[in-house]
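So the structure is just underneath, and the comments pick up after that.
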Amino acid sequence: MFNPFVKFEEKFIPAFRKVKKRYLVSQRFKRYGEQNNQDKTFLMLTHYDDKGLAKIHFNALSADKFASIIDLENDVHREKLSTMLAPQSIYIIYSSLTIDPKKVKSLSDKIYKEKIQKFIDTKTNWRISREQTIKPKLEITFGELYVALKYGTQTIRIRLEELETI
């Protein structure tokens with residue numbers, strides 16, 4: 001499974017505070033790892049500077065028992081997060097950050113080229129000539145990966161997880 005996200009590190013805490021990204025929304029991270037490491041719980045943290053946006057994301061996770069809003073300006077929240085990041089912790093935590101967006105795009109285009117073509121052939125009525133190309137765009141929404149496909153005036157967003165099963 002493709003995982004473009006970086007592991008969350010202790011050094012991210014002061015960095016996010018410095019740039020006023022004080023709110024982190026936690027959620028279960030299903031994209032990677034659990035099949036390889038079943039004694040750990042994988043989480044994703046998405047950063048926000050606006051509490052309202054963090055609440056919208058949090059509210060979208062109503063079925064996720066790991067959903068929470070972490071306020072990096074709250075000492076108790078920072079201490080809990082530090083404990084969760086410790087090597088002996090039961091958690092492995094990722095950030096919604098990626099290291100190199102261009103590299104991520106290039107790799108995802110290469111990995112999913114055939115699946116995207118199959119999706120277009122079977123799930124759309126698009127008839128794309130050889131001269132035309134579809135440029136997929138990887139998007140992150142509420143900690144979930146999507147692929148946006150645009151053809152003419154039409155745009156389709158598909159969850160990457162769904163694309164992987166084609």
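Structure data summary
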item	result
Long-range amide H partners of Phe42 with built H, under 5 Å	Phe29, Ile92
Ranked packing of 85-94, 127-136, 1-10, most packed first, by mean Cβ within 10 Å	1-10, 85-94, 127-136
Space enclosed by the convex hull of the alpha-carbon atoms of the stretch 103-166, per residue, Å³	91
Nearest 10 degrees, 0 to 90: helix 75-85 Cα axis against the chain principal axis	60
Computed over the stretch 101-164: relative contact order in percent, which uses C-alpha pairs under 8 Å that are six or more apart	25
Around Glu73: net Lys/Arg minus Asp/Glu count, Cβ-Cβ under 9 Å	+1
Helix-derived mean residue ellipticity, 222 nm - over the chain, DSSP H n ≥ 4, -39500 (n - 2.57), to 500	-10000 deg cm²/dmol
Share, in percent, of DSSP beta bridges within the stretch 5-98 that are antiparallel, nearest 5	70
Rounded to 5, percent antiparallel among DSSP beta bridges of the chain	80
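Every number here is computed from the coordinates shown, using simple stated rules; none is lab data. Every value quoted in this text rests on a predicted model; they were computed, and no experiment measured them. Backbone-built Cβ (ideal geometry, glycine too); neighbour counts: all protein chains shown.
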